[in-house]
Amino acid sequence: MHRFMQRGMEILFASICFMLFGITAFAQDIPSDYQDVLRALDRKGDFKAGVLKVNIPRSDLKMTIQGFSTPTPFGFGGWIALTKDTDGTDVMMGDLVLLQEEVNPVMSALLDNGIDVTALHNHFFWDDPHVYFMHVHGMGKAADLARRVKPGLDLIGHATPAAPAPSVGGAGTALDTAKLAKIIGHEGEQTGAVYKITVGRDDLGMKEHGAVINARMGLNTWAAFVGTQEDAAIAGDVAMLESEVTPVLKALRKNGLDVVAIHHHMTGDRPVVIFLHYWGRGSAEKLALGFKAALDQLGKGAPAHGMGN
């Protein structure tokens, strides 16, 4: 009996050692610089196929779609991933799941730390709460990327909603459209209560099957104003080359305008043109200055001509 118990203890000890060895081996499979990333971000992840994937799940949200309970793995598990290029530089990509009040604070924190935001859109209809998905990109050393992305990640689940801008009350002063046009440098058109300024991207020289793709075909940047000179709202769309996206985003955020979507409107276009939609509220003059700051980032490079097909 004693010998049987001793043999059992030996088997148990061997099993524990094997399990510990397996755990150690798994941990060693993650390169040391990527282990440092997980520690710096204080998040879990795994390393497969040469990629470190860091989990940023929104398990803090109780999601429903059309009233149907949808758990986090259904489509609300945000992430960032790192892999190395041929010279050892790390490439980082990611998809962050954000409440609407988190979108612009997180975007500003990322842009301020040299991380690019490459898309912003929704994945669902009828989701409650309504969430957006932000795609991010960065290049550099793993430790540096972790340091740069962390301020944005730390805001997830902790961003406070912006207080709604108070109404000035009363009728206010009618929009000074001449002043807005002077600030922006382009004349607009009045349609009812809305004053809209549209600026084409003729500098791109875009064609499809020989047909010129101009502002009337949707290749344009615009700003629409409504309200009063003291209390106005602005909404619009900006058509950008890939190289213009980050400068435009920075200009909008620096001037307090919220970005609500980043996507493309066309396929097969050359050069690739990205569109973003934005919104803001405040004095009409301040809003116009914010739009002008973004407009000033366009067309600085050499025009790129042509289009697919």
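Numerical summary
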item	result
Length added when fully stretched, Ser32-Lys141, from 0.36 nm per residue minus Cα-Cα	38.0 nm
Förster radius 45 Å - calculated FRET efficiency between Lys48 and Lys182 (Cβ-Cβ, nearest 0.05)	0.20
Ranked order, Lys44, Lys84 - accessible area, probe 1.4 Å, largest first	Lys44, Lys84
Cross-link table Lys150/Lys250; Lys254/Lys292; Lys207/Lys292; Lys182/Lys207; Lys250/Lys286, entries beyond 21 Å C-alpha to C-alpha	Lys207/Lys292; Lys182/Lys207
Label-point separation, Lys207 to Thr89 (7 Å along Cα→Cβ), nm	3.5 nm
Gained length - Lys62 relative to Val272, 0.36 nm times residue gap less alpha-carbon distance	71.8 nm
Linear extension gain, Leu289 paired with Asn122, 0.36 nm per residue minus alpha-carbon span	57.3 nm
Using alpha-carbon coordinates, inclination of helix 245-254 to the longest axis of the chain, degrees	80 degrees
Theoretical ellipticity at 222 nm over the chain - DSSP helices of four or more residues, -39500 (n - 2.57) apiece, nearest 500	-9500 deg cm²/dmol
Cα gyration tensor category, rounded, prolate or oblate, for the chain with a/c compared to 1.5	prolate
Equivalent ellipsoid dimensions for segment 105-168 as semi-axes, Å, which come from the Cα gyration tensor, largest first	26, 17, 11
Residues Val226 and Val260, FRET efficiency given R0 of 22 Å [Cβ-Cβ distance, rounded to 0.05]	0.85
Average accessible area per residue (Å²) across the chain - probe 1.4 Å, nucleic acids and ligands excluded	55 Å²
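The values are calculated or read from the model by the stated rules, or taken from the named source; none is laboratory data. In this text, all values refer to a predicted model and were calculated from it rather than measured experimentally. A quick note on method: Cβ atoms are made from the backbone with ideal geometry, for glycine too, and the neighbour counts reach across all protein chains shown. Ligands, DNA and RNA are stripped out before the accessible areas are found, and what is left, the full protein with its side chains, is counted by its heavy atoms. Shrake-Rupley method; radii C 1.70, N 1.55, O 1.52, S 1.80 Å.
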